[in-house]
Amino acid sequence: MFPQPRSWSEPREVDSNPLAQLDLVQALEQQIDAGFPPGLALDLVLNELVVRAATATRARSAALALKRGDEMVCRAATGEHAPDLGIPLNTRDGLSGACLRTHQSQLCLDTETDSRVDAAASRRLGIRSMLIVPVLEGDELVGVLEVFATDPAEFVDSDQNLLEIFARDVTRIRRAAFELEQRPLPSIQQAQVLQPLSMAPNLALPRVRAPYEIWSLVLGGLAILLAVALSFMIGSRIGWLGPSSRGARNPSPLPVADSVKPPTPQVAPAKPPTPGSGSTARATSGANAGGLVVYDKGKVVFRIKPAPPETPSGPLSETSAGPTTGGTARVWLAPELAESRLRQRSEPQYPADALAAHRTGDVVLEVLVGADGSVASTRPVSGDPLLVAAAADAVRTWRYEPYRVQGRPAEFQTDVTLKFSLPD
């Protein structure tokens, strides 16, 4: 029997978290008063909370994702198995999606047997068990707090209760950050000046930070900023756990009448994959740093990989990726950009077997275009096997305007979608 979703524990007055309580709220206020931007101060405190949550639950990794617009984005993380900062969370399926839909804690005892988790992706990341709790502000879910372990059945009920306390601490820290950000700076300074005069004689004055503590905070903030910058460079191609979006595109055959003449298939322009669909956290730990990725409204419209200087050039297989002939980097173009470069196009012939079986639907091909604009190879991504061959034969005859990188001809990859449909 698979583990069931766990209900959110009601807050109790006896709840006490020895690792994350008001000290983090006080640290947030002190950093803002010291001149740190509110956003950076909040990131520093949330990162410390995630580290303490991982330590308290004996987890190898932990991550906190908070709501930003229509997405859940990783805001703080620790450990080698955690997602990178800035990576969007899969909100449609998987264990995180179940937590977002039900507003309840989710426990996975073993990723190899739990149907809610992509076992292959978990195996690549080395994760065997995980625990996810929601971060709530009243009845609204504003984020999720997750911990990961490399062994099965690593988390128990006490870990869930403790992680839910940390989740409530996140809400309290966010509320404190908002109140501090709204408070005018002169009022803060005036309160600091008047506070010692209004305090009772038996109360101790606030402790003044030593210079080395201030420098430690400054260096820590710079280190986090550097980590965020590097993560955006190399982490844009690293996803969260969840099934691949390409694997979710399964064409469904439509019933048609038996007396249908052989039609000409209607071919639809290729459509770019919708961001956030399927899994936005497909793991690509083998991605090389140093490449160039261009986004437009959250979509990848241009990608170029670095060319290793000593890698010999040669023919590439249909599933290979890397440098092209002469050391020029291979480029991936969004389908709509690649279609604008199409100069010669022929429509596929409807296969007789598919026509007799009334097979319809979309066929998605991964296409490698050579430096001269001809189609060098194709690889089926999804579609009915009876329709894939006809689509590939037609696409191989297409011609594109040659693509150039720094004035030199270069190969590029793209996705092509062909729609096979029968008339009504």
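From the list Ala20, Ala82, which one is at pLDDT 85 or above and within 24 Å of Asp157 (Cα to Cα)? So the residue among Ala20, Ala82 that is at pLDDT 85 or above and within 24 Å of Asp157 (Cα to Cα) is Ala82. Might you check whether a residue that is part of a loop (DSSP other than H, G, I, E, B) and of a type in the set (Lys, Arg) occurs anywhere in the range 98-109? No, the conditions are met nowhere in the range 98-109.
Of all residue pairs spaced 6 or more apart or on separate chains, those with beta-carbon atoms under 6 Å, a first member in the range 115-135 that is open to solvent by 10 Å² or more (accessible area, probe 1.4 Å) and a second member that is of a type in the set (S, T, N, Q) and not in a strand (DSSP E or B) are Val117/Thr111; Ala119/Thr111; Gly126/Thr150; Arg128/Thr111; Arg128/Thr150.
Here Asp415 meets the list (1) among the acidic types (Asp, Glu); (2) modelled with pLDDT under 90; (3) open to solvent by less than 20 Å² (accessible area, probe 1.4 Å) almost entirely, failing just condition (2).
Residues that are within 19 Å of Pro152 (Cα to Cα), open to solvent by 10 Å² or more (accessible area, probe 1.4 Å) and touching a residue at least 60 places away in the same chain (Cβ under 8 Å) within the range 55-70 comprise Ala56, Arg58, Ala59, Arg60, listed in sequence order. A single member of Ala191, Ala227, Ala167 is open to solvent by less than 60 Å² (accessible area, probe 1.4 Å), outside any loop (DSSP other than H, G, I, E, B), at pLDDT below 85 and closer than 20 Å to Ala27 by Cβ, and it is Ala191. Can you go through Ala54, Ala27 and tell me which one is assigned to a helix (DSSP H, G or I) and over 25 Å from Asp151 (Cα atoms)? Answer to the selection: Ala27.
Candidates are the residues of the range 136-147 that are touching a residue at least 60 places away in the same chain (Cβ under 8 Å) and more than 18 Å from the chain's Cα centre (by Cα); the one that is most open to solvent (accessible area, probe 1.4 Å) is Leu136.
The values are calculated or read from the model by the stated rules, or taken from the named source; none is laboratory data. Since this is a predicted model, take the numbers as computed values, not measurements. When we count neighbours, we look across all protein chains shown, and the Cβ atoms used for this are built from the backbone with ideal geometry, even at glycine. Remember, those area values only see protein heavy atoms, side chains included, never the ligands or the DNA or RNA. Shrake-Rupley method; radii C 1.70, N 1.55, O 1.52, S 1.80 Å.
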